[in-house]
Amino acid sequence: MNETPHLPSTGPSARRDFRLLLSGAVAAQAGSQVTLVALPLVAVVELDATPFQVGLLTAAETAAFLLVGLPAGAWLDRMRKLPVLVRADVLRCLAVGSIPVAAALDVLGLLQLYLVALVTGVATVFFDVAHQSFLPVLLPRDRLVAGNGAIETVRSSAQIAGPGLGGGLVQLLGAPLAIVADAFGFLVSAALLSRIRAEERLPAPEPGRSLRADVAEG
């Protein structure tokens, strides 16, 4: 079978699981990138947020990468990655899905948007780290370069298309309903990833290694 950078040549079961992982990445990355744009627009359009408040919201969306990036990596080294991926998607779906519900009930406030930004940011950190770490479970070492290339292509494409898509959805549907599309993307990603059947073993603990030491090393 001819190799392509999008589908490394492996066994049928591994190829199926890789397709699911890549498709889940497409849905999740689209959702996360749209959220980065749509959430501040919700604050401006629905709540008349000031520039300072929008700035705080944007900072809350990205703060998790600075605050929990290293601990997340060290912690995930001790866990199965696939359950983390699915739970991160479900958590993001519930968090962003609460926004249109609150808007419909006329109880949406900036505090909720800040909390949603923080929760989705933390979940995204864990998703991204677990996603990359899970790839060696599906692919042999000589296929990892092609597999990582396909995933990075998805990520970079989402970063380019996400802002335009988010702005377009807000203009077409209104700010709260545009968030529904984000929640749907996370839900689709969780459904796809939950169908992966690759056997993932719990990493064996290293004697004498502590979480604090791993974080410091990172």
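The values are calculated or read from the model by the stated rules, or taken from the named source; none is laboratory data. Predicted, not measured: the structure shown is a model, and the values here were computed from it. Glycine also receives a Cβ, built like all others from the backbone with ideal geometry; neighbour counts cover every protein chain displayed.
What to note about this one:
- Cross-chain or 6+ apart pairs with Cβ under 7 Å, the range 73-93 first and on the phi < 0 side of the Ramachandran plot, then surrounded by fewer than 21 Cβ atoms within 10 Å (Cβ to Cβ) and of a type in the set (D, E, K, R): A74/D214; D77/D214; R80/E200; K81/E200; L82/E200
- Scanning the range 108-131 for residues that are of a type outside the set (A, V, I, L, M, F, W, C) and buried (at least 18 other Cβ atoms within 10 Å of the Cβ) returns Y114, T120, G121, T124, D128, H131.
- The number of residues in the range 95-110 that are without any contact (Cβ under 8 Å) to a residue 12 or more places away in the chain and assigned to a helix (DSSP H, G or I) comes to 2.
- Contact map, the range 50-72: first residue free of Cβ contacts under 8 Å to residues at least 40 places away in the same chain, second residue small (G, A, S) and assigned to a helix (DSSP H, G or I), Cβ cut-off under 6 Å, separation 6 or more or different chains; pairs are V54/A43.
- Conditions (1) touching a helix residue (DSSP H, G or I) at 6+ places or on another chain (Cβ under 6 Å); (2) under 30 Å from R80 (Cα atoms); (3) small (G, A, S): number failed by G149: (1)
- Residue check for S13: over 22 Å from the mean Cα position of the chain (by Cα), closer than 29 Å to G149 by Cα and surrounded by fewer than 20 Cβ atoms within 10 Å (Cβ to Cβ): yes
- Residue tally, condition surrounded by fewer than 17 Cβ atoms within 10 Å (Cβ to Cβ), closer than 24 Å to L85 by Cα and hydrophobic (A, V, I, L, M, F, W, C), over the range 26-64: 2
- Filtered by the rule that a residue be in a helix (DSSP H, G or I) and touching a residue at least 24 places away in the same chain (Cβ under 8 Å), the range 158-175 gives A158, Q159, A161, G162, P163, L165, G166, G167, L169, V170, A175.
- Flag for R143 being over 19 Å from T58 (Cα atoms), out of contact with any strand residue (DSSP E or B) (no Cβ under 6 Å at 6 or more places or on another chain) and at pLDDT below 80: no
- Count of the range 133-175 residues which are within 22 Å of A49 (Cβ to Cβ) and either surrounded by 20 or more Cβ atoms within 10 Å (Cβ to Cβ) or under 15 Å from the mean Cα position of the chain (by Cα) (or both): 5
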